[in-house]
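Right, I'll just put the structure down here and ask away after.
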Amino acid sequence: MTRLIARTVPHRAALLLLALTPLLAGCGLRPLYAGGTSGAVARTLGSVEIAPIEGKGGWLVRNALHDRLAAISGGNGPHYRLVVKLDDEIMGIGVRPDDAVTRERRTLRARYQLFDVATGAVVMDATAGSDVGIDVASSEYATIAAEDTALERLSQIVADQIITHMARKVTADPAVASGTR
């Protein structure tokens, strides 16, 4: 009996999901990258120039952004310029009675602005960021390596957040997608 119930529950859930799928069309759900490389999002993101960003974290974030945008570059020259300012902070959060730090939190925050190259107008002004915990090892080398690895991961996360937010802005504001803003 339990074997029969175990088999029918996933089937019922799958059938219910399948039956509810047509309702998504009524809610206005659209794929973010609709149109592939010729869609509005790809065309707009492919025309973004990234300004140099200060520091090691800046270098990592800029490269991560460039990797994502270069994959969809349109070749029509930049219509937008992305300016990013980073705040990278490491703070001790775990402290032993002898005041030795045992855990750190590395936080990477980005304030970014997207400018229209033709007019100089700010199209978007937003922030992105993330943090990660780091165990402080007895070896200073191991701790430094962990801090560097954390910065690399945070740079990827922040770059993904920036790209996603720009893509959502393009879909929400047709003037940005058409390049008239």
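The values are calculated or read from the model by the stated rules, or taken from the named source; none is laboratory data. None of the values given here were measured: they were computed from a predicted structure. All Cβ positions, glycine included, derive from the backbone under ideal geometry; neighbour counts span all protein chains shown.
Using beta carbons and a limit of 7 Å, which pairs, at least six apart or on different chains, have the first residue in segment 54-65 and modelled with pLDDT under 95 and the second one assigned to a helix (DSSP H, G or I) and polar (S, T, N, Q)?
none
Could you tell me which residue of segment 83-93 is nearest to Asp148 (Cα to Cα), considering only residues that are surrounded by fewer than 21 Cβ atoms within 10 Å (Cβ to Cβ) and among the aliphatic types (A, V, I, L, M)?
Ile90
Follow-up. Under 6 Å between Cβ atoms, which residue pairs at least 6 apart in sequence (or on different chains) link something in segment 136-161 that is closer than 20 Å to Val101 by Cβ with a partner that is part of a helix (DSSP H, G or I)?
Every condition considered, the pairs that remain are Val136/Thr143; Ala137/Thr143; Leu151/Gly57.
Considering only residues that are under 30 Å from Gly46 (Cβ atoms) and over 12 Å from the mean Cα position of the chain (by Cα), which ones fall in segment 127-164?
Here is the first cut: in segment 127-164, the residues under 30 Å from Gly46 (Cβ atoms) are 127-130, 151-164.
Within segment 127-164, Leu151, Glu152 qualify.
In addition: In this structure, does Ala167 turn out to be surrounded by 14 or more Cβ atoms within 10 Å (Cβ to Cβ), within 15 Å of the chain's Cα centre (by Cα) and farther than 19 Å from Leu60 by Cα?
On the way: surrounded by 14 or more Cβ atoms within 10 Å (Cβ to Cβ): yes; within 15 Å of the chain's Cα centre (by Cα): yes; farther than 19 Å from Leu60 by Cα: yes.
The answer is yes for Ala167.
While we're on this one: Name the single residue, out of those in segment 123-138 being in contact with a helix residue (DSSP H, G or I) (Cβ under 9 Å, 6 or more places away or on another chain) and more than 22 Å from Gly58 (Cα to Cα), that is surrounded by the fewest Cβ atoms within 10 Å (Cβ to Cβ).
Asp135
Condition test on Pro174, is it under 27 Å from Val48 (Cβ atoms), in contact with an Asp or Glu (Cβ under 8 Å, 6 or more places away or on another chain) and modelled with pLDDT under 95? Steps first, answer last, please.
Values: under 27 Å from Val48 (Cβ atoms): yes; in contact with an Asp or Glu (Cβ under 8 Å, 6 or more places away or on another chain): no; modelled with pLDDT under 95: yes.
Answer is no for this residue.
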